[in-house]
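Accompanying notes for the structure given below.
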DNA sequence: CTCAACTCGGATATTCTTTGTCCGGGACAC
DNA sequence: GTGTCCCGGACAAAGAATATCCGAGTTGAG
């Protein structure tokens with residue numbers, strides 16, 4: 001029961017893109033968070049494949065959010081990185097062994113599977129109720145409004161990349 | 001985001017032990033579910049370590065539930081097998097990079113971490129609301145009351161182990 | 001129009017956890 | 001005593017997660 005570590009990176013990047021007003025290269029996002037640039041690129045590609053962000057190629061290219069932050073839920077990001085399949089996979093044990101269950105009684109998932117589905121739904125519902133915009137407002141409430149403009153400025157700065 | 005496959009086995013075993021009226025050897029539980037005996041033994045040891053079931057050694061030994069099924073929740077079993085640590089681990093990215101967050105503002109978990117904690121709580125609460133007894137009643141509602149006595153009889157039978 | 005620089009994108013190694021197995025030791029009932 | 005059963009750890013194999021590279025495409029400037 002462990003979620004991919006890239007989810008944290010992806011969520012932080014989504015928040016950073018909220019502050020940006022122009023496309024941001026993957027390498028700059030990696031530098032902002034001090035993580036592996038190549039691996040972060042992989043996560044961003046997954047986000048792009050899911051349609052949450054879109055890539056702008058070329059000289060002044062980079063990544064930008066495809067929708068307003070209030071329409072991107074945390075669940076969207078989690079599912080884009082970690083996959084959409086539920087954590088619990090039912091092997092249908094009841095149909096095997098010396099006392100197999102009758103196939104017609106197995107039209108509905110077994111009680112164990114039902115409990116797992118309910119828990120998974122509750123988990124997803126909780127993540128769906130929080131949007132990236134909510135995260136942004138939570139961060140500003142915690143660190144003050146200056147953090148957003150600070151990130152925006154740093155992302156837009158030109159020569160900061162290799163500066164000491 | 002994948003849960004250990006042994007959780008399914010453990011839950012099925014817990015249900016089977018509900019039907020049993022005497023200790024059941026691990027090998028018999030493995031045969032009932034047609035799974036690897038040695039690996040199932042590992043999961044049962046974890047359940048015993050968590051205090052959910054207790055082992056009876058010796059000739060007529062085996063495993064039996066330590067509490068009434070109505071006092072064992074699905075969450076207990078899941079945590080015994082899959083671990084009690086939450087799926088999401090916060091690396092505190094905000095404290096790294098060229099724009100580190102002030103340490104005194106990080107006394108409370110970041111907004112992302114908070115959302116994950118809330119989802120994890122919802123997930124656990126859902127699993128905690130279902131007991132093994134609930135599973136048993138669900139199974140009888142689905143497969144009829146005969147399934148319980150059938151399992152009880154098969155578990156108690158002597159020479160069924162290797163018979164063709 | 002040419003060029004060059006910059007960007008993403010997918011295919012590729014490496015590490016690590018999970019899964020699955022095995023064997024010796026100890027305890028209980030018969 | 002003897003056979004059966006559980007316990008605990010050590011051990012090998014499989015799979016996924018992690019981390020990295022180089023090529024394709026696009027843009028903007030000259």
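Say whether the condition of being more than 13 Å from DNA strand D (Cβ to nearest atom), touching a strand residue (DSSP E or B) at 6+ places or on another chain (Cβ under 9 Å), under 20 Å from residue A:153 (Cα atoms) and part of a loop (DSSP other than H, G, I, E, B) is met by at least one residue in the range A:7-20.
yes
List pairs: first residue in the range A:87-102 and on the phi > 0 side of the Ramachandran plot, second residue assigned to a loop (DSSP other than H, G, I, E, B) anywhere in the structure, Cβ distance under 7 angstrom, at least six positions apart or on different chains.
Every condition considered, the pairs that remain are A:97/B:34.
In the range B:46-55, is there at least one residue being under 30 Å from residue A:10 (Cα atoms) and crowded, with 21+ Cβ neighbours inside 10 Å?
No.
Being in contact with a helix residue (DSSP H, G or I) (Cβ under 7 Å, 6 or more places away or on another chain) and at the interface with another protein chain (Cβ under 8 Å from one of its Cβ atoms) is the requirement here; does residue A:126 meet it?
The answer is yes for residue A:126.
Could you give me the residue pairs with C-beta distances under 9 Å whose first residue belongs to the range B:1-18 and is under 19 Å from residue B:123 (Cα atoms) and free of Cβ contacts under 8 Å to residues at least 40 places away in the same chain, whose second residue is outside any helix (DSSP H, G or I) and away from DNA strand D (no atom under 13 Å from the Cβ) wherever it lies, and which are 6+ apart or on separate chains?
B:2/A:88; B:5/A:91; B:8/A:88; B:8/A:90; B:8/A:91
No lab work stands behind these numbers, since they all come straight from the coordinates. In this text the structure is predicted, and so the values were computed from the model without any measurement. Ideal geometry is used to build each Cβ from the backbone, glycine not excepted, and the neighbour counts take in all protein chains shown.
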